[in-house]
């Protein structure tokens, strides 16, 4: 029954997406031989926007036009690459074919030269930072890359802080991100495939993988999913992430994200697929497993005896975050006999002085914490930090003093809030799970907690993406891969490690 309604909802969403505006017939029309007609059509399609720059020239008696978007190109670079070689052109025949050949042969080699034949191609190139040259009495044009727009320089990613490893993070420029990947993996097996998504934005998307390690059938499935996206605008990798997920209704995502080039290179070397989206520093990784959330690049730079307790700590923090508040509520409501006598006296005293039962206390204080966390995130950084710290201290102390919430509950919620940041990639699912287990523990006791754990385990084991199980390599169990799950053996003994996503046992059937 659930699958029926899920498929109906997906079909409805796809029908809504498919109804997006298609390109104008005029955009797909071929260029005219008449330069004036071409320029008039371009102005009409661009609605005479003030940032459209058209420079008309006459070279050796032949008319041409250079078209660009203001502040998108470097005019000095365009002059050096194109105008200076063009000034040396002399041809008594005044044949546009000769001029076109001369331009394509003499523009500086440090740029990509593309021949274009449609108005749509003109717009895609000038909006990507290229300049387009159109000639009179010639049906084609030339586009050369002269990017000059401002962009953020390479810096350390704020969302993935490591003690060791590179300090470089992805930027919003896809070509620069591709360069950072290529600089680390100097092998011809690393392959980039560019495509455009978004009927309006025409966003550049790069699919990258190691040709000798990847599952090529999986690559074909990913490319097909991207081609079927019919959104008007794609402004972030999060726009396309739901289309790549195996179970979009699950609270867990089997498509990971990263801001670090070194992390992406490590995943590519394991046979996975990386996806870069122009305009965002967040790259996608697929397939992505549950155990990947508990690993980071530091693990592969530090000594093994330190990595094992560090990873174990992350798994413990995960279970503390989702289970501790709900278990405390369940024991306080239904199983008081399980508390030690000294602790039981403290809890009973706290309950006598508070106005709400444990279930309401847990929900209220957890809800207040999420409000403060969101406020601290959205405000300016100095103000946001002050709001989070002062708000937690003042509101928590005032709530306990007023008898609204017991001090043990404040301590438990604070502990679970802190442990949630130990596994930052699961922060959003942990919030949902925490509230879910609080409600289950407050209504059904420990039976509800056990029921929730079973449902959580079933969800993790049932999640799969194109045949790759989210629970891999724990289910089905791969003993060879366990040395890089909780344990982490030295690189000296990992050189024969089999990539888990290429093992037959990691795939269904």
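Going through 305, 315 one at a time, which residue ends up being in contact (Cβ under 8 Å) with a residue 60 or more places away in the chain and surrounded by fewer than 17 Cβ atoms within 10 Å (Cβ to Cβ)?
On the way: 305 fails: in contact (Cβ under 8 Å) with a residue 60 or more places away in the chain.
That would be 315, the only listed residue that is in contact (Cβ under 8 Å) with a residue 60 or more places away in the chain and surrounded by fewer than 17 Cβ atoms within 10 Å (Cβ to Cβ).
Run down 138, 151 and say which single residue is part of a loop (DSSP other than H, G, I, E, B) and within 19 Å of residue 236 (Cα to Cα).
Details: 138 fails: within 19 Å of residue 236 (Cα to Cα).
Being part of a loop (DSSP other than H, G, I, E, B) and within 19 Å of residue 236 (Cα to Cα) holds for just one of 138, 151, which is 151.
Determine, yes or no, whether residue 238 is touching a residue at least 60 places away in the same chain (Cβ under 8 Å) and either assigned to a strand (DSSP E or B) or surrounded by fewer than 21 Cβ atoms within 10 Å (Cβ to Cβ) (or both). Give the derivation first.
Details: touching a residue at least 60 places away in the same chain (Cβ under 8 Å): no; either assigned to a strand (DSSP E or B) or surrounded by fewer than 21 Cβ atoms within 10 Å (Cβ to Cβ) (or both): yes.
It is false that residue 238 is touching a residue at least 60 places away in the same chain (Cβ under 8 Å) and either assigned to a strand (DSSP E or B) or surrounded by fewer than 21 Cβ atoms within 10 Å (Cβ to Cβ) (or both).
With respect to the numbered conditions (1) closer than 30 Å to residue 192 by Cα; (2) more than 23 Å from the chain's Cα centre (by Cα), which one is the sole condition not fulfilled by residue 339?
That leaves (1) as the condition not met.
Restricting attention to region 106-117, and to residues there that are touching a helix residue (DSSP H, G or I) at 6+ places or on another chain (Cβ under 9 Å) and at pLDDT 70 or above, which single residue is nearest to residue 82 (Cα to Cα)? So that I can check it myself, show each step before the final result.
Going through region 106-117, the residues touching a helix residue (DSSP H, G or I) at 6+ places or on another chain (Cβ under 9 Å) turn out to be 106-108, 110-111, 113-116.
The next check asks that each one be at pLDDT 70 or above; those that pass are 106, 113-116.
Details: 106: 8, 113: 11, 114: 14, 115: 15, 116: 17 Å.
Among those residues, the one meeting the criterion is 106.
Could you tell me whether residue 122 is buried (at least 17 other Cβ atoms within 10 Å of the Cβ), in the same structural domain as residue 98 (by TED's automatic domain parsing) and in a helix (DSSP H, G or I)?
Working: buried (at least 17 other Cβ atoms within 10 Å of the Cβ): yes; in the same structural domain as residue 98 (by TED's automatic domain parsing): yes; in a helix (DSSP H, G or I): yes.
Judged against the criteria, residue 122 is a match.
Going by the structure shown, is residue 203 touching a strand residue (DSSP E or B) at 6+ places or on another chain (Cβ under 8 Å) and either modelled with pLDDT under 90 or buried (at least 16 other Cβ atoms within 10 Å of the Cβ) (or both)? Show your work before the answer.
Values: touching a strand residue (DSSP E or B) at 6+ places or on another chain (Cβ under 8 Å): yes; either modelled with pLDDT under 90 or buried (at least 16 other Cβ atoms within 10 Å of the Cβ) (or both): yes.
In short, yes.
Looking at region 166-175, can you tell me whether even one residue there is at pLDDT below 90 and not assigned by TED's automatic domain parsing to the domain that holds residue 265?
Let us first name the residues in region 166-175 that are at pLDDT below 90, namely 166-167.
Within this subset, residues satisfying the condition of being not assigned by TED's automatic domain parsing to the domain that holds residue 265 are 166-167.
Yes, the conditions are met somewhere in region 166-175.
With the structure loaded, tell me whether residue 456 is modelled with pLDDT of 75 or more and either in a helix (DSSP H, G or I) or in the same structural domain as residue 324 (by TED's automatic domain parsing) (or both) or whether it fails that test. So that I can check it myself, show each step before the final result.
Numbers: modelled with pLDDT of 75 or more: yes; either in a helix (DSSP H, G or I) or in the same structural domain as residue 324 (by TED's automatic domain parsing) (or both): yes.
It is true that residue 456 is modelled with pLDDT of 75 or more and either in a helix (DSSP H, G or I) or in the same structural domain as residue 324 (by TED's automatic domain parsing) (or both).
Taking into account only those residues within region 483-504 that are out of contact with any strand residue (DSSP E or B) (no Cβ under 8 Å at 6 or more places or on another chain), surrounded by 14 or more Cβ atoms within 10 Å (Cβ to Cβ) and part of a helix (DSSP H, G or I), which is modelled with the lowest pLDDT?
500
Of all residues being part of a loop (DSSP other than H, G, I, E, B) and surrounded by fewer than 21 Cβ atoms within 10 Å (Cβ to Cβ) in region 241-254, which is nearest to the chain's Cα centre (by Cα)? Just the residue, please. Walk me through how you get there before you give the answer.
If we filter region 241-254 for residues that are part of a loop (DSSP other than H, G, I, E, B), which is where we start, we get 245-254.
Add one more test, that the residue is surrounded by fewer than 21 Cβ atoms within 10 Å (Cβ to Cβ), and what stays is 245-252.
Details: 245: 12, 246: 16, 247: 17, 248: 15, 249: 18, 250: 17, 251: 16, 252: 14 Å.
Only one residue tops the list, namely 245.
Going through region 206-229 one residue at a time, which ones are buried (at least 16 other Cβ atoms within 10 Å of the Cβ) and over 25 Å from residue 270 (Cα atoms)?
The one that is buried (at least 16 other Cβ atoms within 10 Å of the Cβ) and over 25 Å from residue 270 (Cα atoms): 229.
Exactly one of these conditions fails for residue 264: (1) more than 30 Å from residue 448 (Cα to Cα); (2) part of a loop (DSSP other than H, G, I, E, B); (3) under 16 Å from the mean Cα position of the chain (by Cα). Give me its number.
Just one mismatch for residue 264, condition (2).
If the requirement is being exposed (fewer than 12 other Cβ atoms within 10 Å of the Cβ) and modelled with pLDDT of 85 or more, which of these qualifies: 15, 49? If you could, list the steps in order and put the result at the bottom.
Values: 15 fails: modelled with pLDDT of 85 or more.
Criteria check complete, one pass: 49.
Which members of region 179-227 meet the condition of being under 16 Å from residue 286 (Cβ atoms) and assigned to a loop (DSSP other than H, G, I, E, B)?
Hits for region 179-227 are 213, 214, 215.
Every residue, every condition in (1) farther than 23 Å from residue 343 by Cα; (2) surrounded by fewer than 19 Cβ atoms within 10 Å (Cβ to Cβ); (3) within 32 Å of the chain's Cα centre (by Cα); (4) modelled with pLDDT under 80, yes or no:
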position	(1), (2), (3), (4)
383	yes, yes, yes, yes
393	yes, yes, no, yes
406	no, no, no, no
413	no, no, yes, no
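Here is a check on your reading of the model: is residue 261 more than 29 Å from residue 445 (Cβ to Cβ), surrounded by fewer than 19 Cβ atoms within 10 Å (Cβ to Cβ) and either in contact with a strand residue (DSSP E or B) (Cβ under 6 Å, 6 or more places away or on another chain) or touching a residue at least 12 places away in the same chain (Cβ under 8 Å) (or both)? I'd like the intermediate steps shown before the answer.
Numbers: more than 29 Å from residue 445 (Cβ to Cβ): yes; surrounded by fewer than 19 Cβ atoms within 10 Å (Cβ to Cβ): no; either in contact with a strand residue (DSSP E or B) (Cβ under 6 Å, 6 or more places away or on another chain) or touching a residue at least 12 places away in the same chain (Cβ under 8 Å) (or both): yes.
So residue 261 does not fit the description; no.
The values are calculated or read from the model by the stated rules, or taken from the named source; none is laboratory data. Just so it is clear, the structure is predicted and the values come from calculations on it, not from any experiment. When we count neighbours, we look across all protein chains shown, and the Cβ atoms used for this are built from the backbone with ideal geometry, even at glycine.
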